[in-house]
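Below: one structure, written as structure tokens.
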Amino acid sequence: MWLRASCEMHFEMALPSPFILMLRPRSGAQQWIAREEYRLQPMVPVMEFTDDYGNLCQRLTAPVGEFSIYTMAEVAIQEALDIAPGAPFVEAQNLPDHVLVYLLPSRYCEADRFGDMALDITQGCLLGYDQIQTIEEWVRQHIDYQPGTSTTPISAVEVNQRQFGVCRDLAHMGIALCRALAIPARMVVGYLHQLHPMDLHAWFEAYVGGRWYTFDATQRQKRSGYISIGYGRDAADVSIYTQFGPAVLPVWQQVQVERIPGPENR
């Protein structure tokens, strides 16, 4: 499946403001980036770096006045999302070194607060993928997905108390429950084809059977269409943009994802 995903943001800057952006997807096991565009208006000096989680980030200082960012990527992904019922739990001593950080509690995923709850939810499940699938379904049924109800990240404890949230909040809940069972879990932000309402999206991945698998409690069925931009422990690590100084929100933002023919059919 070929997708074209784009994000455009416009700001009105009262002061010069440093930004760190995370808007460039990178090729990996689940996606191939065939073509990109990245435009800033006005153009300013940019320095790109790779953060501790392998994400492509850009540093710049936005000038006073109107400032806009446009990114686009044409991406090849699998036609169907990988699933693996029965994939086994991997004990901590056998995990790759780079996966260990995703076992620990983090700012928005207080895994150490959910041990008993996670055991109750997954009672009787085969250890590994089946536990995560049960957690995903529990979050889907018990935390009401309400797009647009929050612009500020909240923790899994707060999500559990409030019983509703945006995609980011449901992901935090799933991650905390997985880590409480010693299953590595990480936050992912990016795009989802045919998401309603269309916006940037968040979900989580969990590590079982020697690899990462995708889980998303906001969607009723497993389906393809995900393009990953950033990975991290929770929302603190995967902000699409981080702006320093007096807070400025986009005055206008548009996200689009469409299916396109493959290069051989153009």
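No lab work stands behind these numbers, since they all come straight from the coordinates. No experiment lies behind these values; they were computed from the predicted model shown. In this analysis, Cβ positions are derived from the backbone assuming ideal geometry, glycine residues included, and neighbour counts consider all displayed protein chains.
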About the Cα centre of the chain, what is the dipole size in debye to 20, counting +1 per Lys and Arg Cβ and -1 per Asp and Glu Cβ, all else neutral?
340 debye
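Which trypsin sites (Lys or Arg not before Pro) in the stretch 1-106 pass both tests, a DSSP loop state and at most 10 other beta-carbon atoms within 10 Å? Mind dumping the intermediate values first?
Working: sites: ARG4, ARG26, ARG35, ARG39, ARG59; in loops: ARG26.
Passing sites in the stretch 1-106 do not exist.
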Of ALA29, VAL99, MET72, which is farthest along the charge dipole of the chain in the positive direction, counting Lys and Arg as +1 and Asp and Glu as -1 at C-beta?
MET72
Which residue, chosen from THR134, SER228, ALA118, occupies the Cα position most advanced towards the positive end of the dipole of the chain, where the dipole is computed from +1 (Lys, Arg) and -1 (Asp, Glu) charges on Cβ about the Cα centre?
SER228
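Test of the criteria: in the stretch 145-242, which trypsin sites (Lys or Arg not before Pro) are in a DSSP loop and have at most 15 other Cβ atoms within 10 angstrom of their Cβ? Display every interim value, and only then the final one.
Details: sites: ARG162, ARG168, ARG179, ARG186, ARG211, ARG220, LYS222, ARG223, ARG233; in loops: ARG220, LYS222, ARG223, ARG233.
Taking the stretch 145-242 and a limit of 15 other Cβ atoms within 10 Å, the loop trypsin sites (Lys or Arg not before Pro) found are ARG220, LYS222, ARG223.
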Under the Kirkwood approximation for Rh and a Cα-based Rg, what ratio Rg/Rh is obtained for the stretch 92-223?
0.94
Rounded to one decimal in nm, the spacing of the 7 Å Cα→Cβ label points at LEU126 and GLU48 is 4.2 nm
About the Cα centre of the stretch 133-203, what is the dipole size in debye to 20, counting +1 per Lys and Arg Cβ and -1 per Asp and Glu Cβ, all else neutral?
160 debye
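Size of the dipole of the stretch 110-239 about the Cα centre, Lys and Arg at +1 and Asp and Glu at -1 on the beta carbon, nothing else charged, in debye to 20? Before the final figure, lay out each step's value.
Values: 11 positive and 15 negative charges, 67 e Å.
That gives the stretch 110-239 a dipole magnitude of about 320 debye.
Return an integer: the convex hull volume of the alpha-carbon atoms of the stretch 186-256, in Å³ per residue. Provide the component values of the computation, followed by the final result.
On the way: hull volume 7.5 nm³, N = 71.
Cα convex hull per residue, to the nearest whole number: 106 Å³.
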